[in-house]
Structure formats: C-alpha cells, structure tokens
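Novice: One structure, pasted below without further comment.
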Amino acid sequence: MDEQAPVVIGYDDSDFSREALRKGLWLAGKLGARARVVRAWTISNAPRPASWEPGYVPPVEDFAAAVRDELQAQVAPLLADHPDVEVSLEVPHGAAGRELIKASVGAQIVVVGTRGLGGFSGLLLGSVSDQVVEHAACDVLVVRRPDGDQAPPRSMKLDRAIEP
C-alpha cells in the first residue's frame with residue numbers, strides 16, 4: 001500500500017456520510033495522508049445552478065459548480081476540525097457507486113457510510129456502499145452512525161438467527 005496515497009471519502013450530506021467524513025478525516029490525519037472528498041452527482045440530484053431559469057437548461061459545468069459550492073458549504077464545519085489534513089473536493093458527474101469505484105484506484109482506503117440519501121429503508125447496507133465494497137480497487141471502511149439502530153426492524157434477534 002502506498003503510504004502517500006489518499007483517503008477517499010464518499011459524501012452525500014446524509015447522516016451516514018457525515019459520520020464517514022468525520023472518520024475519514026480522522027484516519028487521514030493519523031496516516032498523514034491527504035483526503036479526497038467525492039460527491040458524485042447527476043442532473044436529478046444536483047442543486048439548481050444560478051444560471052437556471054424556466055425554459056433554459058444550463059450547461060453541465062454550471063451544475064458541477066453548484067454541486068461543488070453546496071459540497072464546500074456542507075463540509076466546511078467538519079474540515080475546520082481537521083486543519084492538518086490536506087483536502088480536495090471532487091464532484092464527478094455520474095452514478096455514485098461508479099464514481100467512488102473509479103476514485104478508489106490509487107487510494108489507500110475508501111470511506112463510506114452504511115447508507116446514503118437514496119435507496120430503500122429495508123436494506124441493511126446501501127446500494128452504493130455495497131457496490132464499493134464489492135468492486136473498489138482498495139480496502140473499504142463502511143462507517144456506521146454512532147447512535148441509533150443501523151438497520152430496519154427485525155422480527156428475530158440476530159443471535160438467534162445465526163446460532164446452529
């Protein structure tokens with residue numbers, strides 16, 4: 001593993017991704033690595049750019065700038081807690097799973113939350129984190145929230161389900 005390789009952190013402003021950002025920045029600080037915060041987006045989940053108006057679809061670059069501005073505002077308080085970590089903010093246009101897998105190439109580790117903003121509440125692991133775990137080019141840390149249940153209600157206690 002290249003000790004100079006970055007820590008990649010997936011972020012979508014969900015509670016889970018905020019916890020992943022905290023843990024990823026902490027880890028980058030401990031490793032002396034830089035951090036790459038990745039917020040993938042599509043037109044359907046991007047904020048409206050300032051150039052938007054009825055009947056006019058702004059260019060992709062305007063959407064990317066709006067996503068970057070929103071990301072910068074969302075993560076600023078958490079980045080302030082880690083002034084020793086060099087951080088880059090990246091806003092690739094594309095599906096989150098695919099873009100995080102691309103970002104994993106050359107990384108020490110990818111840090112993601114168990115779930116994001118989208119998806120189905122019945123899943124134990126979000127589809128993006130599942131894709132990254134299965135296909136990343138490096139190790140993946142899936143971060144849980146520090147409080148509250150991580151999974152949907154269960155009809156059977158887990159210990160009973162795995163005992164022979």
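Novice: Is there any pair with a first residue in region 27-56 that is under 15 Å from GLN72 (Cα atoms) and a second that is hydroxyl-bearing (Ser, Thr, Tyr) and buried (at least 18 other Cβ atoms within 10 Å of the Cβ) whose Cβ atoms are under 6 Å apart and which are 6 or more apart or on different chains, and what are they?
Specialist: What qualifies is VAL37/TYR11; ARG39/TYR11.
Novice: Shifting gears a bit: Assuming ALA76 fulfils every condition listed in (1) over 20 Å from ASP139 (Cα atoms); (2) within 14 Å of the chain's Cα centre (by Cα); (3) small (Gly, Ala, Ser) apart from one, which condition is it?
Specialist: Result: ALA76 passes all but (2).
Novice: Only one of these is within 24 Å of ALA33 (Cβ to Cβ), surrounded by 15 or more Cβ atoms within 10 Å (Cβ to Cβ), at pLDDT 85 or above and acidic (Asp, Glu): GLU134, GLU99. Name it. Spell out the reasoning first.
Specialist: Numbers: GLU134 fails: surrounded by 15 or more Cβ atoms within 10 Å (Cβ to Cβ).
Answer to the selection: GLU99.
The values are calculated or read from the model by the stated rules, or taken from the named source; none is laboratory data. Fair warning: this is a prediction, and the values are worked out from it, not measured in the lab. Glycine also receives a Cβ, built like all others from the backbone with ideal geometry; neighbour counts cover every protein chain displayed.
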